[in-house]
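The values are calculated or read from the model by the stated rules, or taken from the named source; none is laboratory data. Bear in mind that the values here come from a model prediction, so they are computed numbers and not experimental data. So basically every Cβ, Gly included, is an ideal-geometry build from the backbone, and we count neighbours across all protein chains shown.
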Amino acid sequence: PRNESCMTTTRFRTLTTVSLVAVDAAMTVLAFILAYVLRAVIPFPAEPVALSPLAAYTGLITLQAICVLIVMFFYRMYHIVRSRVDQFYAILGAVSIGSLLAVSFSTLFFKNTVLEVDYPRATLVYAWVLGIALVTFGRWAHQRARNSLQRRGLGRERLLIVGTGDVARVVVQKIQWSPYLGYRVIGLS
């Protein structure tokens, strides 16, 4: 039973990390698609001229998703849990840098290829803003789903608290009142 619990926790952690990567990628792609639609509908800053079909942007969309995910990985957004404020600032930085890298790489590598397309600059601005908003929303929804599963007992980390004084009792009480933290106290020593 001991190894099964550990395996369940490890498997849960792996699945939540993989699903978080998928959510981030999906939100980045969705942000670009919505940015394209907004650019076609909103004539700001000027009327779009000869807007290519959405399929022409597949290379840039893919590149943007990959760049954002890589920057998020290097920001350790798949390794450590952050507060909401820290996470928002990390998302802001990761989406900003990922978007700039995607535009830079597309300019360097897509030139004179089938993937080269003239993209409206407003679309990139819309994709950047929507990317920050949608990735933030996607991570919030993912966190809620993960917390709900942990409240039901899935993926809880076993925790041994060293100490038996007042501080240890406060820690145990905080853990019991906060099932979303994902800990299960197995004892005090």
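Only one of (1) over 17 Å from LEU115 (Cβ atoms); (2) touching a residue at least 12 places away in the same chain (Cβ under 8 Å); (3) more than 13 Å from the chain's Cα centre (by Cα) fails for GLU47. Which number is that?
Here GLU47 clears every test but (2).
Under the condition of being touching a helix residue (DSSP H, G or I) at 6+ places or on another chain (Cβ under 6 Å) and under 30 Å from GLN176 (Cα atoms), which residue from the range 109-149 is surrounded by the fewest Cβ atoms within 10 Å (Cβ to Cβ)?
Per the criteria, the residue is ASN147.
Would you check which residues across the range 8-34 are surrounded by 16 or more Cβ atoms within 10 Å (Cβ to Cβ), modelled with pLDDT under 95 and out of contact with any Lys or Arg (no Cβ under 8 Å at 6 or more places or on another chain) and list them?
Within the range 8-34, just PHE12 meets the criteria.
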